[in-house]
Every structure is written in structure tokens, then in C-alpha cells.
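Please read the structure below before turning to the comments.
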Amino acid sequence: ASSAHHSTARCADRDAAWRLRSPCRPCASSNVPSASDSSSNTCGSADFSSLAAAAKARVLAGLTASLRSADGWEARASSAEEFAAATGRAVLGLGPAELAAVRKKLLSDGVRRQEELASAEQLAAAVFERALSGKLIEEAQQSGDYWGGASAVPAAQCRWRRASQLITDGVRSALRPSHGDGIAVVDGALSPSEVAAARSELLAMDGSARLSEVRHQAAQGVRNDRIGWLSADQLEASGSRALSLAVRLLRALPAEVQEGGGWPLAVPLPVQAAVYDGSRAHAAFYKPHLDCKEPASNPRR
């Protein structure tokens, strides 16, 4: 700790979630107490503190596994929390017009509903969560292979003749914003029997608990589908031949799209699979959203 009044990081072991003690007086560090901390926090609204603690728990639930593979991640996560807490608390000092602008920006992200951003404390906690998530995702990407950036290979290495037969000049033209709307649909890329076999293998994975809900996104009302990351080089070895074929075709498409010009593309090794529950008891939902703060900061670009 830098002073007697500033928060102290406590780590029981490498796999334990880092925790921060709350500051003991106003003007001390703006760190947010963990959900397990019972000490009081007089720096600002108690509502903000409790909301931010819950937000921190949601962020950690989704990112701890990716973060803890790197040495010293707890210290960097503590620094990220200090930044996020200061950013969130700054919102509490804004006027009505500025709060309205913050609310509009958060709503445009597609992550939260209007009623979740009614008070200044809710806005501050949402800004805290957004800042903390952004910092920790950046840390996960730099220290590991979050989103597959580190293991990505040039698109040309994944070229496959079957993909080249699908991506015609007409498809490439439709993908160019100057010629079309940037969207192209290629029907029949997989045969009905290939689709059925791949679906059967994916449902078997889901049945064996290899796919799971992203808890913090479900709690925020963003998505509650069950997802998993499939490694393209392990699917066939595990006997999932239909999924392996589908993934191979998916990973071969960027090389053909690249032929039309534009950015040089890279292809990540992991591929996300998702299962949506269509039952009334647990109806699936998915809200359009950005995984990163701004498109320019997307590490997949």
C-alpha cells in the first residue's frame, strides 16, 4: 500500500480472486470493496459501492480464468480497478445534462436497459464495470490468447478449395461497402446431412457440460446462450468430424474474401460455438452489443 489510508491488495493464492479493502476515509483511494468485504466506505455513495462490488464480481466471473495464467495478474487487476473506480466515481459529480449524455452512450452499447441506468449511482457503477471490463480484457489479450489473437495465422494458411468454390466474384462484390451493404449470404455451404451431423455433435458437447452460460453477460441481460471455444486442431482428434469439417470451412473463408482486397486477414485457432435454448422455461435472448469499448480498440482487428 502506498499509504496507511490506501487500499491493500490481498491474494491468498494464484487462483484466488484478488480483493481490495475499502478506504477508511474520504479522499482515500477510490477502490471498490469486494463483495466479501464488510468494512465501511465513506468515499461517496454506499449504493455505488455495493453496485460496483456486484459489477466487479460479474467481470471476474468471466475473465479470471483467462487472466490467472499470467504471472502478476493480481497487481495489474488491482491497478485496473483503481482506474475503473476513479472513472466511475467521477460520474457522481456530473450535472443532469452530463448524466443524460453518459446514459445515452451506455444505452447505445446495447448492454443495459433504461431502468438499469435511472440513478447517478447506477450510471457510475455501469461506467465502472465498462472501464474495468475493458482494462481486464486488454490485459487478458496481451498476456494470453483471449479471442484467439495470439494463435491466429495468416488467412492464406487456411485456404481450402471448397471455400474458393463458394466465394465468387459476386460475393466479394457484395461484401464491399462501395458496391453493396457489406453482407453476403451463401446458401448451401454445408449439405443438410453435414449440418445435421455437426448439430448432433454440438448438442452432445452441450450435454456433457462443455458449453456454458457467460454469467456476467446473462446477469446484465446481454445474452444467455451457452457457449464454448472449440480448438480447430483438436476437433478431429476427438472424433468430432462433422464439426471439424464445418470449422475448417469457416476458417478457410477469410483467404477467399481477402482476394477481393482490403485488410490482410488472420484466422484464430479457437472458434466459438453457441447453443440457444428455445424452451419457454429458459427462453434464450441475445442483445446486440460490442465486446470491446470502441471498434478501434478491438484486438481482433
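The values are calculated or read from the model by the stated rules, or taken from the named source; none is laboratory data. If you're wondering where the values come from, they're calculated on a predicted model, not measured in any experiment. Here the Cβ positions follow ideal geometry from the backbone for every residue, glycine too, while neighbour counts run over all protein chains shown. Accessible surface is based on the protein model in full, side chains and every heavy atom, while ligands, DNA and RNA are left aside. Shrake-Rupley method; radii C 1.70, N 1.55, O 1.52, S 1.80 Å.
Cβ-Cβ distances below 9 Å connect the following pairs, each with a first residue in segment 197-226 that is basic (Lys, Arg), a second residue that is part of a helix (DSSP H, G or I), and a separation of six or more residues or different chains: ARG199/ALA242; ARG210/ALA204; ARG215/ARG58; ARG215/ALA61; ARG215/GLY62; ARG223/GLN217; ARG226/ASP206. Which residues, counting only those in segment 103-126, are more than 12 Å from LEU51 (Cα to Cα) and either in a loop (DSSP other than H, G, I, E, B) or of a type in the set (Ser, Thr, Tyr) (or both)? Of everything in segment 103-126, those that are more than 12 Å from LEU51 (Cα to Cα) and either in a loop (DSSP other than H, G, I, E, B) or of a type in the set (Ser, Thr, Tyr) (or both) turn out to be SER108, ASP109, GLY110, VAL111, ARG112, ARG113, ALA118.
One residue is enough: does segment 87-106 have a residue meeting the conditions under 30 Å from PRO270 (Cα atoms), of a type outside the set (Gly, Ala, Ser) and more than 21 Å from the chain's Cα centre (by Cα)? Walk me through how you get there before you give the answer.
Start the filter on segment 87-106 by keeping residues that are under 30 Å from PRO270 (Cα atoms), which leaves 106.
Filter once more, keeping what is of a type outside the set (Gly, Ala, Ser): 106.
The next check asks that each one be more than 21 Å from the chain's Cα centre (by Cα); those that pass are none.
Scanning segment 87-106, I find no residue that is under 30 Å from PRO270 (Cα atoms), of a type outside the set (Gly, Ala, Ser) and more than 21 Å from the chain's Cα centre (by Cα), so the answer is no.
Assessment of segment 234-241 against the conditions (assigned to a helix (DSSP H, G or I) and closer than 21 Å to LEU190 by Cα) yields at least one matching residue.
Considering segment 149-185 alone, what residues qualify as being among the hydroxyl-bearing types (Ser, Thr, Tyr) and either surrounded by 12 or more Cβ atoms within 10 Å (Cβ to Cβ) or touching a helix residue (DSSP H, G or I) at 6+ places or on another chain (Cβ under 8 Å) (or both)?
SER151, SER164, THR168, SER173
The test for being modelled with pLDDT of 90 or more and open to solvent by 30 Å² or more (accessible area, probe 1.4 Å) holds for GLU82.
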